[in-house]
Structures are given as C-alpha cells and as structure tokens.
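What follows is a set of notes on a single structure, which appears directly below.
The values are calculated or read from the model by the stated rules, or taken from the named source; none is laboratory data. None of the values given here were measured: they were computed from a predicted structure. Cβ atoms come from the backbone with ideal geometry, glycine included; neighbour counts cover every protein chain shown. SASA here: full protein model, heavy atoms, side chains in, ligands and nucleic acids out. Shrake-Rupley method; radii C 1.70, N 1.55, O 1.52, S 1.80 Å.
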Amino acid sequence: MGKQQELPAVETRLYINGKWVEGSEGTKSVMNPATGEALASVHVGGKKEVVSAIEAANRAFPDWSQTSAAERAKLMNKMADLVEEDADRLATIMTMEQGKPLTQAKSEIQTNVENLRWNAAEGQRLLGEIVPSPATNQWQVRKQAVGVVGAITPWNFPSNMIIRKISPAIAAGCTVILKPSKETPLSALALMELFDKAGFPDGVVNIVLGDSSTIGSILSESEDVQKITFTGSTKVGQTLNEQAAPTLKNVSMELGGHAPYIIFPDADIDRAVKTLIQTKFINNGQVCTSPNRIFIHKDIKEKVTDRIVEAIKDVTVGNGLDDPTTGPLINQAGVDKVTEQLKDATSKGAKILAGGHKLESGEYANGNFFEPTVLDGVTKEMDIFYQETFGPVIPLITFEDEEKVIEDANDTEFGLASYFFSTNIHTVENVSSKLQYGMVGVNDTAISNSATPFGGVKHSGFGRENGTYGVEEYVDVKFVNIRTEK
C-alpha cells in the first residue's frame, strides 16, 4: 500500500486586504486524486468577496506602485527565502491535492524560488529611456505598472503558475487578486500564508476562492481591474476575452497545447526515446506542453517503437507520496477523456501496444490511475490527432517527408510547444523556422525557464511569461515631453 500521511497544517480561509476571512458561500471539500478521500474543506466566497478584494487591491496600488523597485525586490527575496524554507510542506500539500510525484512537486517549489528571485531583479531593470529631441525639450519614455491584476490559475501546476503570474506583477508595481483552481486551492493558500508572513502591505496580494465563472466574470468586467492573466483551456480563455473586451483591459492568455514531437531518421534515437518518456510522464501527461503527437520517420519507425514500448515498462504509477514516475489523473473526467480518445482511435484502426486501461484493483481502486499507454497507427481521422490529450498516452504517427511532417505538425489550432530531434543542421534550421509554435525544443524539451519567454500562438493564446517579456506584460509605456527652455 502507498504512504498514508496527514495533510500538513494549512489555512483554509480567503485572504483579502491582509486578513484571513471566512467565505460567505460556505465551504467546499478538496479531494485527494490518489485515494478519493477528502483532504480539507476550504471557504468559498462570492461576489461580496471579489468586490472586497478588488477594492483592497485598488487602495493598495498607489503606494505599492510608487514603492521603489529595490524595496519591492527586498520583499520578494524574503518571500523566496520563506518558500525555500517551507519547501517540504508546500510539496507535500501539492502532491496530496494534485497527485504529482513528490520529486516533481519539490522541483516545482524550487522553480518558484528561482522565479521570485529572477523577477525581483528584473523589476529593477524596467528601464525607461531619454529620446534625443531636436529642440530644447526633454523626451522621456517611462514604464509604469498597469494597475490591478486578476490572475486565474490552473490545477496542473498549482504552485508555479501562481508565482509565475504574481511575481512579475508585483515586481512591476501591480497589485493582484488571485483565483486558483477549485481542484487545488490548498497550494495557493499555503503560498498566501507566506506572502502574509513576508510582510507585503495589505491589499497587494489577495486570494478569492469560489465559482470560477462568477469570479472570472467579475474580474474581467470590472473597470477597476486593469489586467487579466489566465492559464487554462482555450474555451475558457475565449470567454474571459469576451467579458474583458468592453473594458478594453490588458489581457494575456496561456491556453491549450497539442505539441508535436518529431523524430527524424538522423536523430540520436537513445536521446529521443529517453527524453520522450521523461517528458511525457511529467504530471502524468497533464501538461499543456506535453508531447502529444509523436511523428517517427518510416526508416526508423520499427526500431523507435520497440524502444518506446520497452522503455515504458520502467514507468511506475502510484500515490505521489511514494514518489513513483507518475501519479493519478486529477479526476474522473480526466480518466473519461483518455478512455474515449483510445476507444475512438482503436475503432478507426489504431492499435494499443502497451497499457490502455484505468487501474482499478487494490490500492488503485479509489484513485484516478491510468496505465502508461502506447498507441500506434494514429491518423487524422482519429480524435486524438486534433484533441489535446491530458493523460499518459503516447500516440505514434509514421511520416516520410520533411515538408509534409512540418505541415502535419502545424495542422492544429494550437501553437504552444513543439519538439523535434535531428542532427542535420539544415533540418534543424528548416524545421525550427517553419513550426508554427511559440516554443521549439530541438533535441531537448527544456523550454520553460525563468529567464526565457513562455507562451504560444494561434489558439494557444498571446502574451509571454518569464524572462524580460514576463515583466513587460504588467507595464504601460508613458511618453513625457518636458519643455525645458526658459
């Protein structure tokens, strides 16, 4: 049996204007996807709490935006210290409410530390400029915080998605209202405890829990919220954009993905297979950048397929506290989606070479566990070719021509992440320039770093997180013309 562990102590109320408050809409249970058991009950807010949070953020904005970048950085580095010191508790909470293996959870917490420190420094590099004037005037270009930010985050990275939005926002001088996923609110609340402990002024960072559509619409439609930043499904992103349009607010969206993973005949096969297995089973495939369509050249198809089927035998599935390769899916809906995609594909000629079923015996009976699966013979007639797969399925597709596989890789509404493996410099240049994606990994899948831009094109959204570009999303550019002649 897997480890049995009590949930570490964590706050369950809302945090608004520097105070912990009870929700006016009762409470909601948070479930453990590995056991089906309730972990805790968190307070639920409604319109009252959202309005209160907006008012608090608005009151805090003038002082916070005028606080020196160095002083903001000092508080952010203190927050980074607290996150690092509390890493074990934060990781355990994440694993218990989200399911991912403990090692992956700890890595996510460490990424938070790096992100906070990076943005603390980057906020001090929001440089303006002096433009040479033909007269005696002085022309200045200044960068100023955009205002109050509504940040809406998903459940698959329940800690890092929060820090990746809040840290550049507060570094730039914005104040924030956070709406985390209803599936994983405990990680968000645990972080909010640390923001409070770090000593951020009241109202700079707030959290509201409750109905997503209610909170999302209030934040998007409010004239007092100047920016919405959202990570989640394309469908919800489209709705938020529609709601935000009348107020003409700044919006950035990191939406769905359907990443191609192309293995050319000259590729380092060992590296390509090892990297595929490592990347695909991060968070059990519940990642918007996860490899979802595996294109393999016909000359190496049999060899690579055999290697993948053999390698997948070493993938372990279990309770995240036992630190297996991969854990459960987030809920029954996730299991159902994978099951339906496999059913559709096999009915149209695809073959399951490994896995293919939900685990339902013994310690797995009450959890959302699914076997690591290899699906061969995938074609465009199958749903899995076009629908994003949020699960542990490796769909194999055969190709022959370089230009045709580029065309097929681009044949999707999404454009977030893409990967390919080749040792031919001409192939590397040609394919990387023609793939219609915001990010391209060549012989590697490490595309998410604090120092580099993260984001997509097409229906995968717009705007960028991380790097210099991440902080720029939270500022307005102001031109100031100062007449200096007497």
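Does region 16-27 contain any residue that is hydrophobic (A, V, I, L, M, F, W, C) and crowded, with 20+ Cβ neighbours inside 10 Å?
Yes.
Which one of GLU371, GLU400, GLU360, GLU340 is surrounded by fewer than 22 Cβ atoms within 10 Å (Cβ to Cβ), within 28 Å of GLY438 (Cα to Cα) and not aromatic (Phe, Trp, Tyr)?
Step by step, each of GLU371, GLU400, GLU360, GLU340 is checked, and only GLU400 is surrounded by fewer than 22 Cβ atoms within 10 Å (Cβ to Cβ), within 28 Å of GLY438 (Cα to Cα) and not aromatic (Phe, Trp, Tyr).
Among the residues of region 298-307, write down those that are touching a residue at least 40 places away in the same chain (Cβ under 8 Å) and open to solvent by less than 20 Å² (accessible area, probe 1.4 Å).
Correct list: VAL304, THR305.
Does ALA145 count as open to solvent by 10 Å² or more (accessible area, probe 1.4 Å), modelled with pLDDT of 95 or more and in contact with a strand residue (DSSP E or B) (Cβ under 8 Å, 6 or more places away or on another chain)?
yes
Quick check: is even one residue across region 197-206 under 24 Å from SER41 (Cα atoms), touching a residue at least 12 places away in the same chain (Cβ under 8 Å) and in contact with a Phe, Trp or Tyr (Cβ under 7 Å, 6 or more places away or on another chain)?
Yes, because at least one residue in region 197-206 is under 24 Å from SER41 (Cα atoms), touching a residue at least 12 places away in the same chain (Cβ under 8 Å) and in contact with a Phe, Trp or Tyr (Cβ under 7 Å, 6 or more places away or on another chain).
Could you tell me which of the residues SER220, SER187 is touching a helix residue (DSSP H, G or I) at 6+ places or on another chain (Cβ under 6 Å) and surrounded by 24 or more Cβ atoms within 10 Å (Cβ to Cβ)?
SER187
Restricting attention to region 455-471, which residues are without any contact (Cβ under 8 Å) to a residue 60 or more places away in the chain and open to solvent by 60 Å² or more (accessible area, probe 1.4 Å)?
Those that are without any contact (Cβ under 8 Å) to a residue 60 or more places away in the chain and open to solvent by 60 Å² or more (accessible area, probe 1.4 Å): LYS458, TYR469.
Take ASP476 and tell me if it is open to solvent by 30 Å² or more (accessible area, probe 1.4 Å) and more than 20 Å from SER290 (Cβ to Cβ).
yes
Among the listed residues LYS165, LYS182, identify the single one that is assigned to a helix (DSSP H, G or I), within 24 Å of GLY45 (Cβ to Cβ) and out of contact with any His (no Cβ under 8 Å at 6 or more places or on another chain).
Answer to the check: LYS165.
Pairs please, first residue from region 443-454 and on the phi < 0 side of the Ramachandran plot, second anywhere and open to solvent by 60 Å² or more (accessible area, probe 1.4 Å) and outside any loop (DSSP other than H, G, I, E, B), Cβ atoms under 7 Å, 6+ apart in sequence or on different chains.
Final answer for the pair search is SER450/GLU114; SER450/TRP118; ALA451/TRP118; PRO453/TYR469.
This table checks each residue for (1) of a type in the set (Val, Ile, Thr); (2) under 27 Å from VAL146 (Cβ atoms).
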site	(1), (2)
LYS434	no, no
ASN443	no, no
TYR469	no, yes
VAL477	yes, yes
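Cβ contacts < 6 Å: first residue β-branched (Val, Ile, Thr), restricted to region 135-162; second residue open to solvent by 20 Å² or more (accessible area, probe 1.4 Å) and assigned to a strand (DSSP E or B), any location; separation 6+ or different chain. Result?
What qualifies is VAL141/GLU129; VAL141/PHE479; VAL146/ASN250; VAL146/ASP476.
Let me confirm something: among ASN410, ASN424, ASN449, which residue is at pLDDT below 95, surrounded by fewer than 23 Cβ atoms within 10 Å (Cβ to Cβ), out of contact with any Lys or Arg (no Cβ under 7 Å at 6 or more places or on another chain) and among the polar types (S, T, N, Q)?
ASN449
For region 237-262, enumerate the residues that are surrounded by 22 or more Cβ atoms within 10 Å (Cβ to Cβ) and free of Cβ contacts under 8 Å to residues at least 40 places away in the same chain.
ALA244, LYS249 - these are the residues of region 237-262 that are surrounded by 22 or more Cβ atoms within 10 Å (Cβ to Cβ) and free of Cβ contacts under 8 Å to residues at least 40 places away in the same chain.
Of everything in region 436-486, what is among the hydroxyl-bearing types (Ser, Thr, Tyr), part of a loop (DSSP other than H, G, I, E, B) and more than 15 Å from the chain's Cα centre (by Cα)? Give them in sequence order.
TYR437, THR445, TYR474, THR484
Just to be sure I understand, how many residues within region 1-51 are touching a residue at least 24 places away in the same chain (Cβ under 8 Å), under 17 Å from ALA188 (Cα atoms) and not hydrophobic (A, V, I, L, M, F, W, C)?
Qualifying residue count for the region: 15.
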